[in-house]
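The values are calculated or read from the model by the stated rules, or taken from the named source; none is laboratory data. These numbers were taken from a predicted model, which means no experiment stands behind them. Methodologically, a virtual Cβ is constructed for each residue, glycine included, from the backbone with ideal geometry; neighbour enumeration extends over all protein chains shown.
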Amino acid sequence: MTEQTPITRRKILDMARELGMALAESKELLEYRTAEKRMAEDAEACRLARAFKEAHLAMVRLQEDHEASEEERNQAKDLLEKADRDMKAHPLTAEYYRAGNAFNTLIYQINQIFKFYCLEPGEDSQFEQRHGCGRCGGNCPE
């Protein structure tokens, strides 16, 4: 870190507001919002998204049901995977995911810049995922 005069909290918040306003007008967010709207207006895309949500909820319920058989869980997993493939194969849904990924990449890059300027070398290692999905503190087998 360098020896500088501290920037006031007000100035930081003003800069954050400017960044938020710039993001709101970014190509990435505008494309994402357009893709989201087009997908929401398409009956087939909505049907596929609902089918995926229903399959996901069924899978979650079966995972929580200790009496569910392995076969039931496998069938639910297969249905969820099929619903996911069907949903993502729809061109409007594919565009929605592409645009969302582009916006998320932009946010990730901004966070990387924040980390570069705000953290000491090695200080961010506490945020890295060790293994697994990251939801359980790295203790799951995934």
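Tell me, please, whether a residue that is part of a loop (DSSP other than H, G, I, E, B) and either surrounded by 15 or more Cβ atoms within 10 Å (Cβ to Cβ) or touching a residue at least 24 places away in the same chain (Cβ under 8 Å) (or both) can be found in region 74-92. Step through it out loud before you land on a result.
Here is the first cut: in region 74-92, the ones part of a loop (DSSP other than H, G, I, E, B) are 90.
If we keep only those that are either surrounded by 15 or more Cβ atoms within 10 Å (Cβ to Cβ) or touching a residue at least 24 places away in the same chain (Cβ under 8 Å) (or both) as well, we get 90.
Yes; the residues of region 74-92 include at least one that is part of a loop (DSSP other than H, G, I, E, B) and either surrounded by 15 or more Cβ atoms within 10 Å (Cβ to Cβ) or touching a residue at least 24 places away in the same chain (Cβ under 8 Å) (or both).
Among the residues of region 117-129, is any assigned to a loop (DSSP other than H, G, I, E, B), touching a Gly at 6+ places or on another chain (Cβ under 8 Å) and either at pLDDT 95 or above or not acidic (Asp, Glu) (or both)? Yes, some residue in region 117-129 is assigned to a loop (DSSP other than H, G, I, E, B), touching a Gly at 6+ places or on another chain (Cβ under 8 Å) and either at pLDDT 95 or above or not acidic (Asp, Glu) (or both). Looking only at residues in region 2-53 that are in contact (Cβ under 8 Å) with a residue 12 or more places away in the chain and not in a helix (DSSP H, G or I), the one that is surrounded by the most Cβ atoms within 10 Å (Cβ to Cβ) is 42.
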